[in-house]
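What follows is one structure encoded as structure tokens, with my remarks underneath.
What follows is calculated from the coordinates using simple rules that are stated; it is not laboratory data. Small disclaimer: the values here were computed from a predicted structure and weren't measured. With ideal geometry, Cβ positions are generated from the backbone for all residues, glycine too; neighbour counts draw on all protein chains shown.
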Amino acid sequence: MKKAISVLSGGLDSTVATSIYKDSHEIHGITFNYGQKSLKQEIDASKKICEKLEIKHELIDLPWLSKLGSSALTTDNELPKISINDLSNQEICEDSADKVWVPGRNLVFTAIALSYAESKNAEIIIVGWDKEEANTFPDNSKEFLENFNKTIAIGSKKSIEIKAPLIDLNKAEIVKLGNKINAPIELSYSCYSNKEKHCGICESCLRRKLAFIKSGIKDPSKYLE
């Protein structure tokens with residue numbers, strides 16, 4: 001069977017993206033510890049997802065990344081608070097994204113995934129980048145994907161490609177797809193905080209809530225608010 005490396009945060013997007021390839025590839029899931037508030041919850045979710053999909057899982061520590069920048073994900077800075085109605089306001093969402101931005105995060109994660117792919121003879125790297133996130137996070141965009149693949153083609157001695165099957169989808173479409181392919185989205189964790197349940201008020205939680213509402217699919221998530 002062909003091999004794949006999955007950059008798995010335990011969130012909705014990476015869970016669905018990984019599930020797409022579970023029957024066609026032998027997948028090695030990697031989750032990163034970069035000092036994020038939600039580390040424990042992300043690890044727990046990722047492990048459960050990998051067990052459900054019957055794939056390997058590994059945690060990679062990047063202690064230095066948390067020391068760069070002032071992201072509310074990795075520091076004591078308060079997480080930005082917006083309302084569900086603000087999700088359609090580009091200016092507000094840009095400001096929120098700036099406050100949680102971790103310098104070079106996806107670039108670092110994907111470069112490390114490439115090292116794993118080369119060493120394990122994997123043909124693809126699976127990521128959960130999507131259209132909705134790309135509106136405020138450039139390292140989720142199709143342009144970033146295409147150019148990273150060009151870099152791999154030049155800089156790697158092996159034929160490896162990043163696969164982002166959700167790159168043209170919004171969150172509601174991702175939920176629909178996950179439901180269709182029986183992805184274990186009920187095990188995923190999307191919250192920015194360190195609560196056992198989803199806080200229900202951070203931007204990531206709000207996007208998750210809205211995605212299930214728009215998709216018409218029952219939300220299996222447990223929220224504090």
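Side notes on the structure shown:
- Apart from one condition, Lys22 fits all of (1) closer than 14 Å to Gly178 by Cα; (2) part of a helix (DSSP H, G or I); the exception is (2).
- Of the listed requirements (1) more than 18 Å from Ala134 (Cα to Cα); (2) of a type in the set (Val, Ile, Thr); (3) out of contact with any Asp or Glu (no Cβ under 9 Å at 6 or more places or on another chain), Thr15 misses just one: (1).
- Taken over the stretch 115-167, residues that are under 14 Å from Ala17 (Cα atoms) and either among the hydrophobic types (A, V, I, L, M, F, W, C) or surrounded by fewer than 13 Cβ atoms within 10 Å (Cβ to Cβ) (or both) amount to 9.
Here is a yes/no grid of residues against (1) more than 16 Å from Gly10 (Cα to Cα); (2) among the β-branched types (Val, Ile, Thr); (3) part of a helix (DSSP H, G or I); (4) more than 18 Å from the chain's Cα centre (by Cα):
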{"residue": "Thr151", "(1), (2), (3), (4)": "yes, yes, yes, yes"}
{"residue": "Ile154", "(1), (2), (3), (4)": "yes, yes, yes, yes"}
{"residue": "Lys158", "(1), (2), (3), (4)": "yes, no, no, yes"}
{"residue": "Ile162", "(1), (2), (3), (4)": "yes, yes, no, no"}
{"residue": "Glu173", "(1), (2), (3), (4)": "yes, no, yes, no"}
{"residue": "Ser193", "(1), (2), (3), (4)": "no, no, no, no"}
{"residue": "Ala211", "(1), (2), (3), (4)": "yes, no, yes, no"}
{"residue": "Ser221", "(1), (2), (3), (4)": "no, no, no, no"}
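- For the condition touching a Leu at 6+ places or on another chain (Cβ under 7 Å), more than 15 Å from Glu186 (Cβ to Cβ) and not in a loop (DSSP other than H, G, I, E, B), Ala4 does not qualify.
- Pairs meeting the criteria (first residue in the stretch 80-105 and more than 14 Å from Pro138 (Cα to Cα), second residue basic (Lys, Arg) and not in a loop (DSSP other than H, G, I, E, B), beta carbons under 6 Å, at least 6 apart or on different chains) are Pro80/Lys99.
- Lys222 meets each of the listed conditions (1) within 17 Å of Ser38 (Cβ to Cβ); (2) crowded, with 17+ Cβ neighbours inside 10 Å apart from (2).
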